[in-house]
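The values are calculated or read from the model by the stated rules, or taken from the named source; none is laboratory data. Being a predicted model, the structure only gives us computed values, none of them experimental. Note that we place each Cβ from the backbone using ideal geometry, even for glycine, and neighbour counts take in every protein chain shown. Ligands, DNA and RNA are excluded from the accessible area calculation, which covers all protein heavy atoms including side chains. Shrake-Rupley method; radii C 1.70, N 1.55, O 1.52, S 1.80 Å.
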Amino acid sequence: MRWDHLTDQDADDATRADGGAGGGAARGTGARPDAALALFATDAVTTRTFDTPEFRGITFHEVRARSIVNRVPGASRMPFEWTVNPYRGCSHACVYCFARKTHSYLDLDTGQGFDSQIVVKINAPELLRRDLASPRWQGAHIAMGTNVDCYQRAEGRYSLMPGIIAALRERANPFSILTKGTLILRDLDLLRDAATVTDVGVSVSVGFTDRDLWRTVEPGTPAPERRLDVVRALSETGIGCGVLMAPVLPYLSDSPRQLRATVREIAAAGAASVTPLALHLRPGGSREWFMTWLRHHHPALVGAYERLYGGGSYAPTWYQRRITKAVHELADEYGIGPRGRSFRTPLPDAVSGDQQDAAPEPTQLTLL
């Protein structure tokens, strides 16, 4: 699958696909009872905590969801129409995560609560088998990892993805996965097996390679070099793997030196493609949480960010153009893509009438 015509705004649209049926939260955690009833059976919520180092401070809300295949909003220009998200909330704790707002749909906290209150749809594999077997299902591409990471730490305990991949393979249903998690290598044999009968795309998210920045802005994720090891491992086994270079953080990871270092490492890992996306800050979760982090760690940049994002959720067009152009040139220089060339496709016209949030005119690199 190819993510042609991907823009910063389109990438955010995919997160809204999980805002309705299919998610959930536990009773007694501040969730609206009416919302819970609409999303899963009233007797199907179990709250668990595990006193182990990898899960300390995290609460899991095990739910039996009523649906698992979610439709992407019609206004979106994402190159897929359907998503599967077995989790809500994410222990990766990325301060910029644009999925934070989805926790507010059930009155759960979009800050620390998003990082530590994880909803687990324990019946996801069986639901997917049911949906794929429906005579109404036409075998459309299914994207995973578009809302929260399906290979976050919770997957190490619940192991939902092997059943999900197996269900897709049984129906030869095309799918793609976007992740920051190294746990995907556990399922390498399953992915290779699925790739023999259908189109399988994998991308890893690596926005920058600065370790000091990583420790504070993505504290629950594997280190950037470990993620690039995933790219290398997948490429060496014949599964082409692209890199979503996102987000590029203004004034923090966007200097010419930093962009060069990141693209150089992505190329060295054998990535099939690289797609840069600038940070976007939607209100209602990610904007507030990120700005709180910025005031604590980089107070001198608060004014610059307020000016840069004063016109909307997305970086202004001139900024997106500059980042896209720089990464295109570096990708060409380092030989990313077939015959040493990067894939390029024109971006669509802006979806929004807000000129500040308009999609940039330069080309965007193909993700998959």
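For the reader, a short list of remarks on this structure follows.
- Given R0 = 22 Å, the distance between the Cβ atoms of Thr196 and Ala268 translates into a calculated FRET efficiency of 0.20.
- Whole-angstrom Cα spans of region 155-277 along principal axes, big to small: 46, 29, 21
- Euclidean distance of C-alpha centroids, region 229-287 and region 160-201, integer Å: 21 Å
- Relative contact order, percent, region 251-315 [alpha-carbon distance under 8 Å, six or more residues apart]: 35 percent
- Under Karplus coefficients 6.51, -1.76 and 1.60, residue-wise ³J(HN,Hα) of region 283-288 in Hz, glycine/proline x: x, x, x, 5, 4, 5
- When you restrict to C-alpha pairs under 8 Å that are six or more residues apart and normalise by the size of region 185-286, the relative contact order lands at 32 percent.
- With all protein chains in place and a 1.4 Å probe, the accessible surface of region 132-178 carries 46 percent carbon and sulfur.
- Taking θ as phi - 60° and the Karplus parameters 6.51, -1.76 and 1.60, the scalar couplings of region 271-279 work out to 4, 6, 6, 9, 10, x, 9, 6, 3 Hz in sequence order, x denoting glycine and proline.
- Scattering profile of region 215-280 at q = 0.11, 0.16 Å⁻¹ [log10 I(q)/I(0), Debye over alpha-carbon scatterers]: -0.26, -0.55
- Under the Karplus curve 6.51 cos²θ - 1.76 cosθ + 1.60, θ = phi - 60°, whole-Hz ³J(HN,Hα) for region 88-93, x wherever Gly or Pro sits: 10, x, 7, 6, 4, 6
- Between Ser205 and Thr179, Lys180, Leu244, the built amide H atoms are under 5 Å apart, and every one of these is 5 or more places off in sequence or on another chain.
- In terms of packing, defined here as the mean over residues of other Cβ atoms within 10 angstrom, the peptides 92-103, 246-257 line up highest first as 92-103, 246-257.
- Here's how it looks for Leu160: its modeled amide H is under 5 Å from none belonging to a residue 5 or more places away or on a different chain.
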